[in-house]
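The values are calculated or read from the model by the stated rules, or taken from the named source; none is laboratory data. These numbers come from a predicted model, not from an experiment. Using ideal geometry, Cβ is built from the backbone for each residue, glycine included, and neighbour counts are taken over all protein chains shown. Accessible surface areas use protein heavy atoms only, side chains included; no ligands, DNA or RNA. Shrake-Rupley method; radii C 1.70, N 1.55, O 1.52, S 1.80 Å.
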Amino acid sequence: MIKTEKLSKRYPGGFQALKNISLSIGSGEMVFVTGHSGAGKSTLLKLIGGLESPTSGTVEINGQDITKLSQSAIPFLRRNFGFVFQDLKLLFDRSVFDNVALPLIISGLPRSEIAKRVRAALDKVGLLQREKVNPVSLSGGEQQRLCIARAVVNKPAILLADEPTGNLDPAYAADIVAMFKAFNRVGVTVIIATHDPAMIEGLGARTISIEAGEMTL
Amino acid sequence: MNWFFLRLDALKDSLKRLLSRPIVTISNIVGLGISIAIPAGLFLLVASADNLSRDISESTQMNVFLDLGVNDEQVNKIKQRLSLNYVKEVKLIDRDDALKSLRENNEIAVVLDNIDNNPLPHTLVVTAKEGKLVELEALGREAKTWEGVDQIAFDSDWARRLQSFIDLGKVVALCFGALFAVGIIANTYNLIRLQVLNRREEIEVAKLVGATNSFIRRPFLYFGALQGLFGGLLAVVIIEIGSRYSVSTLNELFSQAGITFQRLTVQELGVLIIISALLGIIGAWFATNRLIAIYNK
Ligand SMILES: Nc1ncnc2c1ncn2[C@@H]1O[C@H](COP(=O)(O)OP(=O)(O)OP(=O)(O)O)[C@@H](O)[C@H]1O
Ligand SMILES: [Mg+2]
């Protein structure tokens, strides 16, 4: 259960990216966050995932206000989320396998366990055959899926995906949405930010729309 | 289990990075080794001289130089007056014997050839019993007023002077040590700062997916420690080789002066390696301290 109360974010430099966002997302729900470019979608996801801290307001995850967490607790909070970054944030100095393994290495899992889980995640996104290559040699869509594999590899309860279909062609985008639907079906709470209305159509999922930092329902 | 794997990974990562640029690594380690070996060797020399001067300053010996014109009878009389109950031995060094032994030294012999008369006096070497230095000094003051006695000299006098030189030497060695230590820290700092900057992207991503500051910092600290460790080991090798070849030569050279040069004990060598590793860790700590906080997003 995710609950925000009067959540506001003003970036250093003075730009007010979010104003008084109060919302609630149930466990196991699949929700879309839509809005024009610059509306504040990424900002909202980052606040929920503990990647940015709000200027005011609260974010409760399962009853705990994460904005009150100490600096040293933040890393452990982040391990409960899977985050698909808008700019992917892949590391091109290592293989596909090692990119996906990073969160598990950070959690201190034994090597053998890491290999099992990484291959399972790569299998889910259809990249198992490419585990040894460098992500540079992947197509845009494949890189997007690699980022998804890294987000789900530590079996998070909450998946935050920021423009996971980016600039992909519609068929490819549908593939990826289906993938998230599958995660959601096994109980994962999924929040997807997108400016692409076509992506949402016909899914019957709840949509939160943001305009210039404010919720418009 | 987690604890172990996290550290094993960090250690592997640091080793990999050390091995990935062998030339840089080797030159760094050589620099470290030399920077540690120099002050350590210097300290070893000073410590050797220190032991000697301590031996002497506890020595209960004085030399009584007699007037040039004294005859044998007077010499015997003075010798007897000196033979008090706390005196162990009074030994006469005859002025003719003294000159003879001087002539055996070639360089001085040249000078002596131009001198007709023996300029050396008879000398009485008075050795007091152990711990009787105060009494001996009193005896020396008194003996100075006796007829036929020219001068009194205590070994402990010049030992004190030597000691103050050695104390100065110690301070210099310590300053050198401190200077080199700062140098090592600064060097490691620069090297690791560069590494942190080079790995900025990796650090950012790792933090985004839940890495703690200590996780980020660990491979850099291990890197500093490993480099310091290898530098310390090399310093030990340098010191060992250096002392193997020089100790016997130095001992021969200075055997007359009674200086015996020491080698470092195994414990001291161990401490040297530990200090070196610690300096590496300190440099790495400073290098990672601020940068990692900056990437904190
Ligand atoms: N780190 C930052 N510092 C300053 N301003 C920022 C920062 N990040 C975002 N902003 C600003 O906040 C506003 C909202 O940004 P955000 O990334 O949340 O938008 P978005 O809805 O995700 O847009 P897009 O669809 O283009 O990704 C934008 O005007 C942006 O310029
Ligand atoms: Mg965005």
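Has segment A:108-119 got at least one residue that is within 17 Å of the chain's Cα centre (by Cα) and either open to solvent by 30 Å² or more (accessible area, probe 1.4 Å) or within 13 Å of another protein chain (Cβ to nearest Cβ) (or both)?
no
Considering each of B:F165, B:F223, B:F176 in turn, give the residue that is in contact with a helix residue (DSSP H, G or I) (Cβ under 9 Å, 6 or more places away or on another chain), away from every other protein chain (no Cβ under 14 Å) and crowded, with 19+ Cβ neighbours inside 10 Å.
So the residue among B:F165, B:F223, B:F176 that is in contact with a helix residue (DSSP H, G or I) (Cβ under 9 Å, 6 or more places away or on another chain), away from every other protein chain (no Cβ under 14 Å) and crowded, with 19+ Cβ neighbours inside 10 Å is B:F223.
A:L91: open to solvent by 30 Å² or more (accessible area, probe 1.4 Å) and more than 16 Å from ligand 1 (Cβ to nearest atom), yes or no?
Criteria not met by A:L91.
Return the residues of segment A:153-209 that are in a loop (DSSP other than H, G, I, E, B), open to solvent by less than 70 Å² (accessible area, probe 1.4 Å), farther than 22 Å from A:G140 by Cβ and among the hydrophobic types (A, V, I, L, M, F, W, C); say none if nothing qualifies.
A:A157, A:V188, A:L203, A:A205
From B:L264, B:L269, which residue is within 21 Å of B:L32 (Cβ to Cβ) and in a loop (DSSP other than H, G, I, E, B)?
Of B:L264, B:L269, the one residue that is within 21 Å of B:L32 (Cβ to Cβ) and in a loop (DSSP other than H, G, I, E, B) is B:L264.
I'm trying to understand the selection: among the residues of segment A:28-56, which are at positive phi and within 14 Å of chain B (Cβ to nearest Cβ)?
Listed by number, the list holds a single entry, A:G50.
Could you tell me which residue of segment A:1-27 is most open to solvent (accessible area, probe 1.4 Å), considering only residues that are away from ligand 2 (no atom under 16 Å from the Cβ) and either without any contact (Cβ under 8 Å) to a residue 12 or more places away in the chain or within 14 Å of chain B (Cβ to nearest Cβ) (or both)?
A:P12
Hey, could you check segment A:58-80 for residues that are touching a residue at least 40 places away in the same chain (Cβ under 8 Å) and open to solvent by 30 Å² or more (accessible area, probe 1.4 Å) and say which is farthest from ligand 1 (Cβ to nearest atom)?
A:G63
Test A:V100 against the stated conditions and say whether it is at pLDDT 95 or above, closer than 27 Å to A:P75 by Cα and part of a helix (DSSP H, G or I).
yes
Here are some residues: B:I238, B:I282. Which one is surrounded by 14 or more Cβ atoms within 10 Å (Cβ to Cβ) and modelled with pLDDT under 95?
Values: B:I282 fails: modelled with pLDDT under 95.
So the residue among B:I238, B:I282 that is surrounded by 14 or more Cβ atoms within 10 Å (Cβ to Cβ) and modelled with pLDDT under 95 is B:I238.
Where residues in segment B:179-220 are aromatic (F, W, Y) and more than 22 Å from A:V153 (Cα to Cα), which of them is surrounded by the most Cβ atoms within 10 Å (Cβ to Cβ)? So that I can check it myself, show each step before the final result.
From segment B:179-220, those aromatic (F, W, Y) are B:180, B:189, B:215, B:220; that's our starting set.
Filter again for more than 22 Å from A:V153 (Cα to Cα), leaving B:180, B:189, B:220.
Numbers: B:F180: 19, B:Y189: 19, B:F220: 29.
In this case the residue turns out to be B:F220.
Answer yes or no as to whether A:F97 is open to solvent by less than 60 Å² (accessible area, probe 1.4 Å), among the aromatic types (F, W, Y) and more than 14 Å from A:K155 (Cα to Cα).
The answer is yes for A:F97.
Could you tell me whether B:L42 is within 8 Å of the chain's Cα centre (by Cα) and open to solvent by 30 Å² or more (accessible area, probe 1.4 Å)?
In short, yes.
Looking only at residues that are hydrophobic (A, V, I, L, M, F, W, C) and open to solvent by less than 10 Å² (accessible area, probe 1.4 Å) in segment A:28-51, which one is farthest from ligand 1 (Cβ to nearest atom)?
A:V31
Got at least one residue in segment A:60-82 being within 16 Å of ligand 2 (Cβ to nearest atom) and within 14 Å of another protein chain (Cβ to nearest Cβ)?
Checking segment A:60-82: not a single residue is within 16 Å of ligand 2 (Cβ to nearest atom) and within 14 Å of another protein chain (Cβ to nearest Cβ).
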